[in-house]
1. Looking at segment 1-37, which of its residues are surrounded by 12 or more Cβ atoms within 10 Å (Cβ to Cβ) and on the phi > 0 side of the Ramachandran plot?
2. Of the conditions (1) under 18 Å from residue 67 (Cβ atoms); (2) touching a helix residue (DSSP H, G or I) at 6+ places or on another chain (Cβ under 8 Å), residue 14 fails just one. Which one is it?
3. Examine segment 60-72 for a residue that is touching a helix residue (DSSP H, G or I) at 6+ places or on another chain (Cβ under 6 Å) and in a loop (DSSP other than H, G, I, E, B), and state whether such a residue exists.
4. Please state which of the following conditions residue 60 fails to meet, knowing it meets all the rest: (1) modelled with pLDDT of 95 or more; (2) surrounded by 13 or more Cβ atoms within 10 Å (Cβ to Cβ).
5. Could you run through segment 23-74 and say how many residues are within 13 Å of residue 1 (Cβ to Cβ) and in contact (Cβ under 8 Å) with a residue 24 or more places away in the chain?
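The values are calculated or read from the model by the stated rules, or taken from the named source; none is laboratory data. Predicted model only: the values in this text are computed from it and were never measured. For neighbour counting, all protein chains shown are included, and Cβ atoms are generated from backbone atoms with ideal geometry for every residue, glycine included.
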């Protein structure tokens, strides 16, 4: 499992983020404080406090391509 910190403060960023992660077959979670949601769920993401940094948890070891795509949200 690998983790990356990101920020999704605008609705357009959330939409773009979900579009990216949906293309990957492994499980991806998004954490904000004690809350964890499926990163592929746009409604789940909007239930988080988007004013704070979020942590993406990728449940795969070979996921450097996804990490590279998520750098724009860092």
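1. Scanning segment 1-37 gives no hits.
2. Result: residue 14 passes all but (1).
3. First pass over segment 60-72, keeping only residues touching a helix residue (DSSP H, G or I) at 6+ places or on another chain (Cβ under 6 Å): 69.
When the remaining residues are screened for being in a loop (DSSP other than H, G, I, E, B), the result is none.
Within segment 60-72 (the criterion being touching a helix residue (DSSP H, G or I) at 6+ places or on another chain (Cβ under 6 Å) and in a loop (DSSP other than H, G, I, E, B)), the answer is no, since none of the residues qualifies.
4. Among (1) modelled with pLDDT of 95 or more; (2) surrounded by 13 or more Cβ atoms within 10 Å (Cβ to Cβ), the lone unmet condition for residue 60 is (1).
5. The qualifying residues number 15.
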